[in-house]
Structures are given as C-alpha cells and as structure tokens.
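The next block holds one structure in the form of structure tokens; read it before the comments.
Read-outs: derived from the displayed coordinates by stated rules, not from any lab. Quantities reported herein were computed from a predicted structural model and do not represent experimental measurements. Methodologically, a virtual Cβ is constructed for each residue, glycine included, from the backbone with ideal geometry; neighbour enumeration extends over all protein chains shown.
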Amino acid sequence: MPDAKSRKARKPEKPARIDRVVLPVPGMHCASCVAKIEAALSGVRGVKAAAVHLPSRTAAAEYDPAQVTGEMLRRAVEAAGYRVPTVTRTFEEAAEWALSGEAAERGRLALRTAVGAVLWAGILLEGLLRLSPYTVWLLATPVQWWCGRHFHEGFVASLRRKRADMNTLVSLSTWSAWLFSTWAIFFPEMLPAGPRNHMLEAAAGLVVLVSLGRWLEALFKHRAGEALNRMLRRAPKTAIVLRGAPQAEHIVPLAEVQRGERILVRPGEQVGLDGTVEEGNSTVDESLLTGESMPVEKGRGSRVYGGTINKTGALVVFVTAIGSQMALARIIEAVRRSQATKAPVQRLVDRVAGAFVPAVLGLAVVSAIAWAVWGPDPRATRAVTAFVSILAVACPCALGLATPMAVVLGMGRAAESGIHLRNAESLEKVGRLDAVVFDKTGTLTEGRPEIVAIIPAPGVAEGELLRDAYTAESRSEHPFAEAVRRAARARGLEPKALQSFEALPGRGVHASAGGHQVLCGSPAWLAQHGVRLPDVVRDRAAGAQSILVVAVDGLFRGALVLADKLRPTALDAVYRLKQQGMQVVLASGDRAAAAHAIAEAVGISQVFAEVLPEDKLRIVKRLQEEGKRVAMVGEGFNDAPALSQADVGIALGSGADVAVEAADVTLLGHDLNHVETAIALSRRIRSIIRQNLVWAFLYNVLLLPVAAGALYPLTGKMLQPHYAGAAMALSSLSVVLNSMRLRRFGT
C-alpha cells in the first residue's frame with residue numbers, strides 16, 4: 001500500500017497563475033525596436049509570452065507572478081534602452097500613456113523639422129547667397145546637433161543594448177557626413193589631392209527629410225487609431241440614477257454608479273451602462289456596437305448597452321454591468337488586444353528585420369572601403385557618400401510597418417462594422433475560406449420562435465400543458481425554451497420548483513419537479529423514451545414546423561407547435577457568399593422538413609438535418625478532409641464543438657457565451673451579410689499586406705545597390721545621401737498611406 005509520501009508526490013500540481021502586463025513604450029519606431037523589446041521581455045525568467053505592437057507603441061507580456069513582477073518587466077525594457085513611463089494591465093491604459101508620449105514627441109519633432117528645414121534652405125542657397133563654407137557649417141551644425149538629436153539619442157541607446165536599429169543608420173550616416181565635411185572645411189590640406197567638397201547639404205537634408213517622414217508617419221498612424229478613438233469619445237460620462245424613497249433623479253459620474261442600481265434614460269440620451277429594461281418601451285440605436293443603423297425595439301426584459309442611443313421613449317434600466325465589464329469596454333479592450341497580435345507572416349518579417357540592420361552596416365563598410373581603395377578621385381568623398389547613402393536608404397521602417405498598419409486599420413474598420421476578429425491569425429484565416437456551414441435556429445432564422453399552436457392530450461388543459469413545459473424549460477438556453485417561457489408568462493403561469501435539470505443538446509431537457517419526471521423535446525427523442533405519440537403529432541412533426549413534445553412520468557401530455565422567422569438578411573448573405581465562390585451548407589438539429597424549408601428559402605442545396613452537436617463537428621471535419629477551409633456560423637451552446645473544429649468559427653454576439661468564446665469571429669449585430677463582409681475585408685487586408693511587403697522588399701533590393709554606386713559606371717553619378725533619405729521616408733509613407741485605404745472599405 002503506497003505511503004502518504006508517495007501519494008503526496010503523485011498529487012497533481014496546481015497550475016501556475018498567469019498574469020498580464022501591458023507597457024507603453026513611446027520611443028519605439030521600427031521593426032528592429034520590436035525585435036529588441038520582445039527579446040528583452042522574453043529573456044526574463046517567468047515570462048510565458050511577449051508581444052510588441054508597433055502602431056500603438058505597446059508591449060504585452062504574460063508571466064508567472066511567482067517568478068516575476070510587472071516592475072521587473074519594466075526595468076528589462078528600460079535596460080534595453082527604451083523609456084517606459086508606467087506599468088498597466090490593459091491595452092487601453094497603455095495606449096493612452098503611449099499616445100500622450102507620442103503627442104509630445106510629435107510636437108518636438110515638428111519643431112525640430114521646421115527649424116531644420118529653414119536652416120537647410122539656407123544651405124541649399126549657398127551659391128546664390130555666396131555663403132562661405134564656414135557660414136554653411138554654422139547653418140548645418142545646429143541641424144546635426146539639435147534637429148537630429150532624437151536620432152543620436154536613439155543611437156546611444158542602441159549602443160547600450162548592443163543592437164542596431166533605424167536610429168543607428170541615420171545617426172551614423174549623418175555624423176559621417178558632418179564630420180567629413182568639418183574636416184574638409186577646416187583642415188582641407190589633410191585630405192588627399194583632388195576636389196574637397198563638403199557634404200553639409202546632404203547631412204542636413206538627410207536629417208530634415210527623415211525627420212519629416214517620421215513626423216508624417218506618426219501623424220498618419222495616430223489617425224489610423226480613429227476607429228477606437230471614436231468609440232471612446234462616444235462613451236457616456238454621466239448617468240441619471242434613481243435613488244432614495246421616494247426615488248429622486250441624481251446626475252452622477254458613471255464611475256459612481258453601482259451594479260444593481262436603476263438609471264433613467266430619456267429620449268435622445270445615451271444609455272449610460274449595460275442593463276435590463278424594467279420600465280418603458282423605446283427604440284435604441286446600437287450602431288456604435290453593431291454597425292447596424294436600424295434602431296432596435298426595446299421593452300421590459302430587453303438588454304441595453306452603454307454607449308447606445310435611446311431614440312423615442314423613456315426607459316428605466318436595472319444596471320447589470322459597470323466599468324470594464326460593460327459591452328463597449330470589453331469590445332474596445334478586445335479590439336486593442338486583437339490588434340496587438342501578430343499575423344503569421346509578421347513573425348517572418350520580424351526575423352528578417354532583426355538581421356537586416358547588421359547586414360546593411362556590413363554592406364556600407366565594405367562599399368566604403370571599396371570606393372576608398374579602388375574608386376576614382378576624390379576617393380574619400382565617394383567612400384563617405386556610399387557609406388552615408390547606404391545607411392540612409394536602408395531603414396527597415398517600411399518593412400516593420402507593412403503588416404501591423406494593415407492589421408490595425410483593418411480591425412478598426414471591422415469593429416466599426418460590428419465584426420470582432422479574435423486576433424490577427426483569425427484575420428488571415430478568414431480570407432482563405434472555401435466553405436461556410438450555417439446553423440439554422442438563431443442563425444439563419446431570428447432565433448425567436450413563437451408558439452403558434454398547442455395540442456394537449458385528452459383531459460389536459462392548455463394551461464397545464466404549458467406550465468409543464470415551462471417547468472422543464474425554465475433553465476434551458478435554447479430559443480424554443482425562451483418561446484415557452486414568453487407564452488407562459490403571458491398567461492400569468494409560474495413554473496414548479498425543480499429538483500433536477502439536465503439539458504441534452506439536440507434532443508431536449510429532462511427535469512424532475514414535484515416528484516414527477518418531465519421530458520420536453522423533439523418527437524424522435526421522446527419516442528426513444530417509449531412515449532407514444534398520437535397521429536396528429538406525428539403528422540405535424542412531418543411538416544416544416546417545429547414540435548416540442550411534453551411527457552410526464554412517461555405519459556404524453558401534449559405538444560407545442562413553434563415557428564421561427566427567417567432573418568431578413570439571410571437570403572442576401574447566402575447569395576453573396578455563393579458569388580464569392582463559397583460552398584454553403586446548412587447543418588441543423590431541427591427536423592428534416594423544417595431544415596429543408598429554410599434551406600430552400602435561402603438557396604442552400606446541401607442540407608444536414610436532425611444532427612446532434614457531434615454530428616455538426618463531423619460535418620465540418622468531412623469538409624476539411626475534402627481539402628476545404630471551413631467556417632462554421634452558429635450561436636447556440638450546441639454549436640460550440642463545430643465552431644472550435646472549424647478553421648474559422650463565426651458566432652453571433654447575441655448567442656450563448658460558450659459559442660462566442662469558441663469563435664474566431666463574432667458578429668456583434670444580426671446582419672448575416674457581415675459574414676461575407678468579414679471574408680471580403682480579410683482578403684482586402686491580406687492584399688494590402690502583400691502590396692506593402694512587396695514594395696518594402698523591392699525598395700531595398702533595388703535601392704541598396706544604387707546607394708552603393710552600382711549605376712556610377714553608366715551615369716558617372718552616385719546617389720546623394722539626402723535623396724536616399726527622402727526615398728527612405730517616402731517608402732515608409734507609402735506603406736502607411738496604402739494601408740489607410742482600408743479606412744474606406746465598404747463605404
């Protein structure tokens with residue numbers, strides 16, 4: 001018999017708790033920065049995962065709090081040469097800190113660029129104004145020392161962390177040009193014989209043009225976050241709370257409202273917090289959350305969400321969620337989190353960018369030596385020109401921005417349309433789909449079936465039958481159960497107290513109440529339990545309408561006939577998917593007649609009816625085995641296995657929490673056209689990413705040899721550093737501007 005010690009040794013260990021921290025890093029500028037910060041975080045013992053997001057200037061890490069703290073991670077990033085103003089827990093907080101730092105940096109950058117441009121203009125007019133070389137040097141020196149200070153500070157930081165980046169390239173190139181020019185002006189006799197022209201025009205122009213490009217890039221990236229900023233700006237700040245006896249109206253900040261309080265929302269006002277309507281009827285504009293412009297009717301028991309706009313009638317709302325638990329807050333946080341994830345292609349780009357800068361430094365040194373040893377006179381000038389131009393033209397900013405800019409803008413546009421993508425990997429997968437499998441109830445249909453007929457057994461009153469069904473379905477989440485509850489409440493019925501309850505997805509429910517066993521479910525399932533069904537029920541079950549059969553202690557008590565309306569956008573959504581070349585399939589747990597009737601109405605020819613949750617999963621697997629990349633669209637508890645198995649799970653936001661949790665994409669509204677919109681948007685984003693990457697790679701492949709002097713034998717000229725700097729700035733701007741075309745998607 002094992003002793004206590006051995007039993008203790010075999011006891012499974014408690015899983016370690018994982019915490020998350022998000023750090024604002026306003027000083028990062030390129031893909032090399034991303035690689036360094038990720039390496040700094042990943043190198044800390046206890047860190048499980050690290051992800052750095054260049055557009056929002058944030059770095060997130062998941063870690064074991066028993067081994068590391070958020071402050072330790074902050075110090076690790078600062079040791080890598082970056083300033084981290086604070087430690088936060090959410091992307092929203094970190095982004096706000098980073099954005100405030102970015103705003104201040106943009107201001108400083110704009111001032112330095114403007115001053116540098118004025119001084120550079122004076123240098124360009126050297127011949128016209130007949131300036132002496134010493135005057136030109138006096139104009140160029142502030143440009144190098146003050147206007148380009150941000151590059152030099154970044155270069156010093158890169159030396160401390162022993163890893164080169166964009167600042168390394170710009171600072172080294174401008175210092176090389178300025179020092180060479182200083183030498184040529186003040187000590188010309190110490191240079192080899194031949195022309196001894198200075199390069200101050202090139203050095204100043206490089207600082208100004210690269211600074212201008214960085215400022216414009218920062219400005220456009222700031223505008224790229226407008227989708228989420230609009231959500232934040234539209235969030236309400238106060239609410240009218242009903243307090244006291246008799247209840248009086250108090251206008252208070254949202255932060256002071258507690259869960260369980262009641263708030264008044266007048267016509268034309270924003271709903272302050274998430275809750276349930278207790279009094280009143282109205283229509284509510286939920287476009288902020290769902291992207292749908294049509295107002296939604298609300299009455300007693302309806303759910304309303306903070307940030308939406310009440311249109312017609314006054315509502316009294318019982319508050320169910322506050323602060324970070326509100327739907328709007330969760331959506332903003334989820335979108336920020338998803339924007340901070342990386343598309344699979346970005347991981348390859350990061351590895352390339354990490355090795356790119358050292359390779360460029362090596363090429364610059366080799367080219368300079370080659371021109372100094374074998375080039376024509378003036379060799380020193382040509383060697384410095386090649387060195388400076390290569391460093392100026394080769395910044396990997398465009399490469400680092402190619403993917404994240406498109407992802408940020410694309411996900412922001414999706415959020416505005418009521419489409420939430422879990423992460424960048426989901427975004428990439430959506431655009432590769434070949435087949436879409438739809439659930440029926442609550443997906444293609446409204447999910448709000450109504451009881452259209454009641455068939456009681458002889459001697460059973462309709463009210464008794466409805467109460468038995470209400471008792472059985474009182475804890476079920478199925479749309480049929482909600483229809484039963486609505487009908488029973490309308491008659492003033494109350495359910496019996498339950499002793500036990502079991503829901504069997506795709507079949508029905510088994511409950512125990514008052515010492516009796518109650519079954520409520522499909523005719524086929526009750527028949528399997530030996531319940532004898534009258535002919536009238538079997539005949540109705542053979543039709544297109546849905547049937548719920550009720551039995552107590554194995555005896556038939558009656559049946560409820562239910563009908564569900566087709567969603568208004570279902571037909572158009574299926575048509576649009578077919579136009580995209582998609583194979584569209586219907587998989588429903590409902591009876592064959594009902595499933596085929598809906599399929600015929602929307603134009604779906606491939607139908608699987610009376611399937612269980614595991615059958616839906618097998619249908620998805622079968623399509624995948626045929627080489628299809630499959631999306632599953634559903635909203636119920638019984639859709640979760642298929643949603644998880646599918647290449648892309650698409651859930652309706654109004655559905656069960658487990659379905660939403662299992663999905664890669666959540667449609668926050670009820671418009672099924674958003675399925676095709678998500679696919680089209682994903683394809684557009686992937687197209688933009690490919691264009692960005694092709695441009696970024698071609699730019700460097702073509703211009704690096706030119707900067708090294710490859711065209712000199714044909715033209716007798718070398719690429720001047722300030723032109724190289726302008727080309728580098730234009731490369732980054734082209735990637736940003738190309739990505740910003742996504743803001744117009746669907747408009």
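When you count, for each residue, the other Cβ atoms within 10 Å and take the mean per peptide, how do 200-207, 555-562, 42-49 rank with the highest first?
On the way: 200-207: 29.8, 555-562: 21.4, 42-49: 14.8.
By packing density, highest mean first, the sequence is 200-207, 555-562, 42-49.
Could you work out how much longer the chain between Q579 and L698 gets when fully extended? Use 0.36 nm per residue separation minus the Cα distance between them, nm to one decimal.
Stretched fully, the Q579-L698 segment lengthens by 39.4 nm.
Give, in nm to one decimal, the length gained when the segment between A248 and N281 is fully stretched (0.36 nm per residue of separation minus the Cα-Cα distance). Spell out each step's value before the answer.
Values: separation 33, 0.36 × 33 = 11.88 nm, distance 2.09 nm.
Working it through step by step, the gained length comes to 9.8 nm.
Along the Cα-to-Cβ line of L179, 7 Å from the Cα, sits a label point; which residues in the range 377-395 have backbone N less than 20 Å from it?
379-394
At 0.36 nm per residue, and after removing the present C-alpha to C-alpha distance, how many nm does the segment from R486 to Q517 gain when stretched out fully?
The span from R486 to Q517 would gain 8.9 nm if fully extended.
Beta carbons within 10 angstrom, averaged per residue: use that to sort the peptides 419-431, 494-506, highest first.
The densest-packed peptide leads the list: 419-431, 494-506.
Report the calculated FRET efficiency for L138 and S687 (r = Cβ-Cβ distance, R0 = 56 Å), to the nearest 0.05.
0.65
Excluding same-chain residues fewer than 8 positions from K48, which aspartates and glutamates have a Cα within less than 14 Å of its Cα?
Qualifying aspartates and glutamates at Cα under 14 Å: D19, E38, E62, D64.
List the pairs from K298/K440; K578/K621; K298/K578 whose alpha-carbon separation is above 32 Å, in the order I gave them.
K298/K578
Ranked highest first by average number of other Cβ atoms within 10 Å, how do 688-697, 711-720 line up?
688-697, 711-720
Show me the trypsin sites (Lys or Arg not before Pro) within the range 466-495 that DSSP assigns to loop and that have at most 15 other Cβ atoms within 10 Å of their Cβ.
Qualifying residues, ordered by number: R475, R491.
Taking the Cβ-Cβ separation of A680 and E153 as r and a Förster radius of 30 Å, what is the calculated FRET efficiency to the nearest 0.05?
The value I calculate is 0.10.
Between E610 and R741, take the C-beta separation as r, use R0 = 45 Å, and let me know the FRET efficiency to the nearest 0.05.
0.45
For Q325 paired with L129, estimate the spin-label separation in nm (one decimal), with each label point 7 Å from Cα along the Cα-to-Cβ line.
6.6 nm
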